[in-house]
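Here's the structure, in structure tokens; my notes come after.
The values are calculated or read from the model by the stated rules, or taken from the named source; none is laboratory data. Since the model is a prediction, treat every value here as computed from it, not as a measurement. Don't worry about glycine lacking a Cβ; one is built from the backbone with ideal geometry, like all the others, and counts go over all protein chains shown. Accessible surface is based on the protein model in full, side chains and every heavy atom, while ligands, DNA and RNA are left aside. Shrake-Rupley method; radii C 1.70, N 1.55, O 1.52, S 1.80 Å.
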Amino acid sequence: MLLWPLAEIKAVGGGAQANEGVEEGGGVRRRVPPVEVKLVPLEEGSEVTLNSDITSALMLQRQMDRRKAAVYLTLSGLLIFTTAFLLGYVAFRGMCRLCGNNGDLIPLSDAAGAQHSAEGGVMYMAELREMLKKYLKEERIEDTLRRVSRASHPPGSSEGNAVAREILQNLQNLRMDHTWTDSHYATLQFPSRTQPNALWLVDSEGAELEEIPLDSEGYCAYSATGTATGGVVYVNYGRSEDFEQLRAMGIALNGSIAVARVGGAVSFAEKVWHAQEAGLGGVLISPDPADVPQDTRRLGLHSNAVISEHVHLGSGDPFTPGFPSFNHTQFPSTQSSGLPIIPAQPISANVASKLLSQLSGAGCPRGWQGRLPYVQCVLGPGFTGPSERRVKMAVYNTMKPVLLNNIFASIEGKVESDHYIIIGAQRDSWGPGAVKSGVGTALLMELARTFSNMVENGFYPRRSLLFVSWDGGEFGNVGATEWLEGYLTMLHLKAVAYFSLDQAILGDDILSVYTSPLLADLIEGALKQVEHPKHTGQSILSLVQRQGGWRNIVKPLYLNSGAYSFTAFGGVPAMQLHFTEEARSYPFVNTQLDSVGRLQELLQGRLGSVGRAVAELVGLMVLRLSYDQLLPLDVTCYSNTVQQLSSKLNQHTAQLQSRGLSPQWVFSARGDYSRAAKNLHEAIKNSDIQDERLARLYNTRIMRVEYYFLSQYLSVVETPFRHVFNGRGDHTLSALADHVSLLRSAPHLFDEARFRRQLALFTWTLQGAANALSGDVWNIDNPL
């Protein structure tokens, strides 16, 4: 085996000359003659040695030179890299669309990992949730509630204007990105100052026998004015099914005065509308102890108290339907189709007992018996006794133009600033309004303060947040609706969702969520994160699950809610929450007794903790909508609703075919919508959500889904609530389902022409939604 040494060095000219050039003892180096380097094989085991000191010197010098060169190359490379990096950073910083004011990149989504704070750190969703909980303060909610609920503050009053100024100033102090007011002149109705509303018992000739005292402060806004005289008919809650039952029993309704009780899941406006449709001449509405507690020793109304509520079957200024109330003199004279043409007046339990205890006629149907004293529950319309007595009612309310001021504050989003999540609450109240307006206002101000603090501490919302204090809420959400009317043509392109905080606290036991189906999936995650205000250490979700699951608390929006107009009129997904009592209701809403003290007594001192729970729930959902790159709205939700209609139509296929009718077009439209929703869901799932342009395209399609269900074939003036699922009118799914059910229950009442129109309106609205959701026209399945 051969071993090869590194080298054997031989001096040219012999070994004697090899030492020439180095002075003994390490003297000065002289010129070294050339040397020859050869590789010489050695036998295994032989010793390798250097033949001279020159060899050692040359090898050491070359090693040092190599090390120096390596160091110089490394330093040069680092210098070039650092210079290039700094130049690139400066150039990129000026071009970056997704940077904050300090140049820090704003993350695109949760999937990207996190959100960068102002200090350059990373903020995950869990950290933002903790930040939200940290900044929410129970004591601030209570303090604001007490300040804004000191006294009655209706729109246009000095008290109302004082509250408005305080709200505006507080929002300005929060250093929001923008703060402004939006003003409208609206026509509102108030009790006459010179001629109070009145009620009499009269004889058959109309002569007044006895005047029955009424509460001078109680009235129904937008009631028809004038007098009405007739017998009295007890109509239970005044629901459509109640009047159907009265007609089936043969009770004389035409020209009579209805006495209806508060409740039954219908508003005053709906009670009056149903009575008007049934031919009655007027309506008196009273609280019954069976529905509204009236034991003053246990937080109940006194027997002479009345509950007031407007009776316009709609929202907004009824004298400018479909367009905003900026200046009445510029618009033609018109009025809403939802204004009643019969008078309406609230009465106390004592007055109702006096009237109903004297009625004669058929006995009440089962389940109609209330708890009014001395009342045997007779339907009327006659009175007992020898004389033919009747009732005369007179309403003298007066119209008045009032300047309404909506107050806005906003935090601009850093990526999609033109997309808004809106949080709002009614500000005005006929009485102190602790529940009616105070709770919502206090929650609104606390959420505004909390999100403002979060932004100052590193939270960058992707989308903008709008905080709004609405005026004119007592008269049918007038301020909110007038704003919607002013921006109706573009709001579906801007508004992601609306959260109403009105009347959120009516107790602390049971949570109810009234919502557009698109927002329903947001609820479960929020419920999981929030502690129940009455059960320490347990989440709201854990208690809801024991009651059958969270979906059982989800309910459709109702007419008088602060969220209804946004969905049914504006095509914006909306939600409203209520905490209520399990054993009893809070009876003071819409009365002069709606005070903070009574609410606190009902909650046994837990007002702050309940307020915090509601604020956390709404705040977490708002946080999710403002944070996620792709909007978490369930576009497939309406498919299930239409499926239920399809099943109902299938049950009547034979009857429809016998009349030459077919539900096939509804089935086809349902299929198209279901496929479009599923395809969009799959496309999103399989896409690169980090692509900013693609994400925005998807979000735009998702945002418009609710708007697609506003029927474009109806006039907004005649039919303001055009939504085919959540609206009101013959075009809605519920109206179509009710009508088709007559094929079995009452075939003689089925109107074929009306059904054809209903079917066409619903089908083409649904088909239009399917086409729009499909995206580009070439994606629509429409084969030749």
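Restricting the range 620-639 to residues that are within 15 Å of A676 (Cβ to Cβ) and not aromatic (F, W, Y) leaves a set whose member that is nearest to the chain's Cα centre (by Cα) is L633. Restricting attention to the range 124-144, the residues that are within 12 Å of N453 (Cβ to Cβ) and hydroxyl-bearing (S, T, Y) add up to 1.
In the range 619-633 there is at least one residue that is among the charged types (D, E, K, R), at pLDDT 90 or above, assigned to a helix (DSSP H, G or I) and open to solvent by 10 Å² or more (accessible area, probe 1.4 Å). Going through (1) touching a Gly at 6+ places or on another chain (Cβ under 7 Å); (2) modelled with pLDDT of 95 or more; (3) β-branched (V, I, T) one by one, I106 falls short only on (2).
Note on the range 476-493: residues that are in a loop (DSSP other than H, G, I, E, B) and either modelled with pLDDT under 95 or open to solvent by less than 10 Å² (accessible area, probe 1.4 Å) (or both) total 2. For the range 190-215, residues that are among the small types (G, A, S), within 16 Å of P343 (Cα to Cα) and out of contact with any Asp or Glu (no Cβ under 8 Å at 6 or more places or on another chain) total 1.
Residue-by-condition table, conditions (1) within 16 Å of A737 (Cα to Cα); (2) assigned by the TED database to the domain that holds L743; (3) surrounded by 15 or more Cβ atoms within 10 Å (Cβ to Cβ):
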{"position": "T653", "(1), (2), (3)": "yes, yes, no"}
{"position": "Q664", "(1), (2), (3)": "yes, yes, no"}
{"position": "A669", "(1), (2), (3)": "no, yes, yes"}
{"position": "A677", "(1), (2), (3)": "no, yes, yes"}
{"position": "E682", "(1), (2), (3)": "no, yes, no"}
{"position": "D688", "(1), (2), (3)": "no, yes, no"}
{"position": "Y708", "(1), (2), (3)": "no, yes, yes"}
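Just to be sure before I move on: is R427 crowded, with 23+ Cβ neighbours inside 10 Å and of a type in the set (K, R) in the structure I sent? Considered against the rule, which asks whether it is crowded, with 23+ Cβ neighbours inside 10 Å and of a type in the set (K, R), R427 comes out as yes. Q545 - would you say it is under 23 Å from L617 (Cβ atoms), out of contact with any Asp or Glu (no Cβ under 9 Å at 6 or more places or on another chain) and surrounded by fewer than 22 Cβ atoms within 10 Å (Cβ to Cβ)? Answer is yes for this residue. Of all residues in the range 225-239, those that are outside any loop (DSSP other than H, G, I, E, B), closer than 19 Å to V262 by Cβ and open to solvent by 50 Å² or more (accessible area, probe 1.4 Å) total 0. For the range 382-400, the set of residues classified as under 45 Å from the mean Cα position of the chain (by Cα) and more than 21 Å from F268 (Cα to Cα) consists of K400 only.
This table checks each residue for (1) among the polar types (S, T, N, Q); (2) open to solvent by less than 50 Å² (accessible area, probe 1.4 Å); (3) modelled with pLDDT of 95 or more; (4) assigned to a loop (DSSP other than H, G, I, E, B).
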{"position": "E205", "(1), (2), (3), (4)": "no, no, no, yes"}
{"position": "L209", "(1), (2), (3), (4)": "no, no, no, no"}
{"position": "S216", "(1), (2), (3), (4)": "yes, no, no, yes"}
{"position": "S223", "(1), (2), (3), (4)": "yes, yes, yes, yes"}
{"position": "A265", "(1), (2), (3), (4)": "no, no, no, yes"}
{"position": "A269", "(1), (2), (3), (4)": "no, yes, yes, no"}
{"position": "L284", "(1), (2), (3), (4)": "no, yes, yes, no"}
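Each residue in the range 385-417 was checked for being farther than 19 Å from K354 by Cβ, of a type outside the set (D, E), touching a Ser or Thr at 6+ places or on another chain (Cβ under 8 Å) and outside any strand (DSSP E or B), and 3 pass.
Listed by first and then second residue, the pairs with beta-carbon distance under 9 Å, at least 6 apart or on different chains, first residue in the range 545-562 and closer than 13 Å to P517 by Cα, second open to solvent by less than 40 Å² (accessible area, probe 1.4 Å) and assigned to a loop (DSSP other than H, G, I, E, B), are R551/A520; V554/A520; P556/S516; P556/F725; P556/N726; L557/S516; L557/A563; L557/N726.
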